[in-house]
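What follows is a single structure, written as structure tokens, with notes after it.
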Amino acid sequence: MKKTNHGIVVIVISIDDLIIIRDSDVDIFDLKKLLNQKFKMKDLGELRYFLDIEVIQSPKGIWLIQRQCLEQIVRIWDDGLQTHFNSIAAKCEAKCR
């Protein structure tokens, strides 16, 4: 993290990926220019996914969504847990009569 005249710049490194977070477009442009002089880089634009987490940016803030994890939970539910819980509910219902 580096504090500049324009705000803060944060670089997150994961294996062969860099995420650059900033307060100022000027700072991000200068940083990318500097990094391109030293390393072969490709700008992929705004962050959309990182470590299987979906990133949604809006004027109200940044949303991090683990959609794949939620879909897997739903799939497990559909594949067997639902039947198991329905069986338990049926037994409880029968006892309550």
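So that you can scan it fast, the table gives a plain yes or no per residue for (1) out of contact with any Cys (no Cβ under 9 Å at 6 or more places or on another chain); (2) modelled with pLDDT of 85 or more; (3) surrounded by 10 or more Cβ atoms within 10 Å (Cβ to Cβ); (4) acidic (Asp, Glu):
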position: VAL10; (1), (2), (3), (4): yes, no, yes, no
position: ILE15; (1), (2), (3), (4): yes, no, no, no
position: ARG22; (1), (2), (3), (4): yes, no, yes, no
position: LEU35; (1), (2), (3), (4): yes, yes, yes, no
position: GLY61; (1), (2), (3), (4): yes, no, no, no
Can you tell me which residue within the range 24-33, out of those that are among the hydrophobic types (A, V, I, L, M, F, W, C) and either within 23 Å of PRO59 (Cβ to Cβ) or in contact with a Phe, Trp or Tyr (Cβ under 6 Å, 6 or more places away or on another chain) (or both), is surrounded by the fewest Cβ atoms within 10 Å (Cβ to Cβ)? PHE29
Restricting the first residue to the range 18-30 and requiring it to be among the small types (Gly, Ala, Ser), which pairs with a second residue that is at pLDDT 75 or above meet a Cβ separation below 9 Å and a spacing of at least six or different chains? SER24/ILE8; SER24/VAL9
Which of the residues spanning the range 26-55 are within 22 Å of the chain's Cα centre (by Cα) and in a helix (DSSP H, G or I)? ILE28
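The values are calculated or read from the model by the stated rules, or taken from the named source; none is laboratory data. Keep in mind that this is a model prediction, so the values were computed, not measured. Because the Cβ atoms are built from the backbone with ideal geometry, glycine has one as well, and the counts that use them run over all protein chains shown.
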